[in-house]
Amino acid sequence: MKSKRAKALKPSEMGLHSKVRYILTPDGTTRPEQKLCIIRYAAYLFI
């Protein structure tokens, strides 16, 4: 007898997404200042 298995859900159907995008306008006028701002924001989101 064959058993009927439920069809697997796609990640998007489970509410999971492969990418999460944030729009961030970094403070600072130079590239190193902007980089530091982005790193701090990412750390804040992680915490």
When ligands, DNA and RNA are left out and all protein chains stay put, how many square angstrom of accessible area per residue does the chain have with a 1.4 Å probe? 114
If you take the beta carbon distance between L9 and Y41 as r and set R0 to 30 Å, what does 1/(1 + (r/R0)^6) give as a FRET efficiency, to the nearest 0.05? 0.40
Cα lying deepest toward the dipole's positive end in the chain, options M14, L45, G28, charges on Cβ: M14
Carbon and sulfur atoms account, in whole percent of the 1.4 Å probe accessible area of the chain, for 59
Per-residue ³J(HN,Hα) for region 36-41, Karplus 6.51 cos²θ - 1.76 cosθ + 1.60, θ = phi - 60°, Hz, x for Gly and Pro: 4, 5, 5, 5, 5, 5
Kirkwood Rh over alpha-carbon pairs of the chain, then Stokes-Einstein at 37 °C and 0.692 mPa s: what D in µm² s⁻¹, rounded to an integer? 228
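Calculate the dipole size of region 8-47 relative to its Cα centre from +1 charges on Lys and Arg beta carbons and -1 charges on Asp and Glu beta carbons; express the result in debye to the nearest 20.
Roughly 120 debye, rounded to the nearest 20.
The values are calculated or read from the model by the stated rules, or taken from the named source; none is laboratory data. Being a predicted model, the structure only gives us computed values, none of them experimental. Here Cβ is always computed from backbone atoms with ideal geometry, including for glycine, and neighbour counts include all displayed protein chains. Please note that ligands, DNA and RNA were not included when accessible areas were found on the heavy atoms of the full protein model with its side chains. Shrake-Rupley method; radii C 1.70, N 1.55, O 1.52, S 1.80 Å.
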